[in-house]
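To start, the structure under review is shown below, and the notes come after it.
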Amino acid sequence: MSTGTIIRPTPVPVTPAEPTLRRVAPPEPFTLVIFGATGDLTARKLLPALYGLWRRQFLPEDFAVIAVGRREKTDEGFRVDVRNAVSAFRDDLPATAEAWKSFLAHFSYHEADLAGTDGLRSLAGRVQALERATRLPGNRVFYLAVAPHFFAPTIAALDEAGLVRRNVERPWARVVIEKPFGHDLASARELDRYIETFLRPDQVYRIDHYLGKETVQNLLAVRFGNSVFEPLFRRELVEFIQITVSETAGMEGRRGAYYDRAGALRDMLQNHLLQLLALVTMDPPATLTAGDISDAKLKVLRTLVPPTGAEVERQVVRGQYGPGVIDGRAVRGYREEEGVSPNSSTETFVALRAEIASWRWAGVPLLLRTGKRLARRATEIEVQFKLPPLQLFQTVECEGDLCIESPGQPATLQFRIQPNEGISLSFSAKRPGMLMDLEPVCFDFNYQRLGRELPEAYERLLLDALRGDATLFPRSDELEASWKFVAPILEAWAAGPPPKFPNYAAGSWGPPEAQRLAEGRLGGWKCR
Ligand code: BG6
């Protein structure tokens, strides 16, 4: 007989974790020096990011930004540029005249020519004078938003001018380096060694802006913040993993000149795609510190098997777009783009099939693909699971003597990095009715439906560099391992005859040969 006592389940003890900060502490007062002040990246990303951080009170009250460029410009002139850039690229946070005045007062402009005899000595004078006048403590971040051949000379000039010191910890000095970090394995190593003579490793922040994307960070959160997903990420259950980063953009603005020397393998795959791959396949890190996360990613990158010369032929497909139609608009081919050589053999598309030689992943095909001027803009990771070992629900349909067996749909977990950011899990469930038929259904998590604002990647990364948090910046050994993986591909391409380009039309899904990589049990590329 019931006595009326309610029996409550005993709460499951939860392992206490280090408490996380509820609110990000703002950086200490700082001086930010931006090299490449009049460039595209500064206007599109850095200035809007600074404004977003300032408006949302992530910055301290005291800070100064000195923009360095070769063009002649006054402080006032540069402040107009700042306002224009922010209005063009951050129009979601309108400001009053008062707010503009107070934001723009933080900015000044300094004209300097790195190649000149003065180097950065006049900049040093300017920085020190400004810091004295505004009582800034001398904490400095130098942001190198310049062409890669300026990285090494700028760092040497900073050292020469006494603006950075390897052996001084406080006030601190950090250097943020944009990509591409090196042109190949040898040049990346050389750059690293050179930089090390002037800076300690903890002073160097190498940007990969994909790591600043909210949905990329969510890969870690979903995998290691739940116990239901992590056990699925292994060879026993996963059939294959596909990563697609497809862009509809071509060579906008002045990009062609840089891109024609880089190509899709260096510009996207060596960095962004391999970082995505590392995050989706890595073991759980010991802690969430920068060092432990890098160690976990490095293990993946070191076990990624580089293709041999003969395998490059079979497992790597490159392409270049010809004229075509994107969103109903006719667009020109790559070779007709500004800054591009008319007989360029630079690839604007690359797809490859790889494997990780680790206990967790051996034998699981990894398909990576990226390209410009493709049919749709999408960055997606798809993990397809194996079918159950016993096909209990297999259906057979016959027409006369001809019978077709259908084995059912495999479950998939899809991370949509952009656009339409979210995660969906599709799996089989019973189709309502009298038959025991299965149909694919889907759990879908979508940030937009939640009405949540996603911070801009550059905002997050800039704030982290200012706060001295390197968690979302790839370490030099990660980049070296990534270069090692792509090195045989670059070598095989350089040694072979020039490719027959163009081989795909703008607005398509790339060269038809790329389909072959995903054929057979992989069932073709999923993101279309
Ligand atoms: C950059 C590449 O790193 O990433 C560009 O140099 C590319 O070629 C861009 O267009 C893509 O970034 P996102 O954030 O638009 O996906």
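Coordinate-derived values only; no laboratory data. This is a predicted model, so every value here is computed, not measured. Quick reminder, even Gly has a Cβ in these numbers, built from the backbone with ideal geometry, and neighbours come from all protein chains shown.
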Starting with the fewest neighbours, write out Met251, Met436 ranked by other beta-carbon atoms found within 10 Å of each beta-carbon.
Met436, Met251
From DSSP H assignment alone, runs of 4+ in the chain each adding -39500 (n - 2.57), the sum over residues rounded to the nearest 500 puts [θ] at 222 nm at -9000 deg cm²/dmol
Within the range 241-274, DSSP-loop trypsin sites (Lys or Arg not before Pro) with at most 16 other C-beta atoms within 10 Å are Arg254
The answer for trypsin sites (Lys or Arg not before Pro) in the range 136-167 that fall in a DSSP coil and have at most 14 neighbouring Cβ atoms within 10 Å is Arg166
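What translational D, rounded to a whole number of µm²/s, comes out for the chain from Stokes-Einstein when the hydrodynamic radius is the Kirkwood one over Cα pairs, at 4 °C and 1.567 mPa s? Could the numbers behind the result be given before it?
Numbers: Rh = 25.6 Å.
Estimated via Stokes-Einstein, D reaches 51 µm²/s.
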Is the range 438-520 best put as rounded, prolate or oblate by its Cα gyration tensor, with a ≥ b ≥ c the root eigenvalues, rounded for a/c under 1.5, and otherwise prolate when a/b is larger than b/c, oblate when not?
oblate
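Take the residue pairs Lys45/Lys179; Lys299/Lys484; Lys386/Lys526; Lys45/Lys297 and return only those whose Cα atoms are more than 19 Å apart. Before the final figure, lay out each step's value.
Working: Lys45/Lys179 14 Å; Lys299/Lys484 13 Å; Lys386/Lys526 15 Å; Lys45/Lys297 27 Å.
Long pairs (Cα-Cα over 19 Å): Lys45/Lys297.
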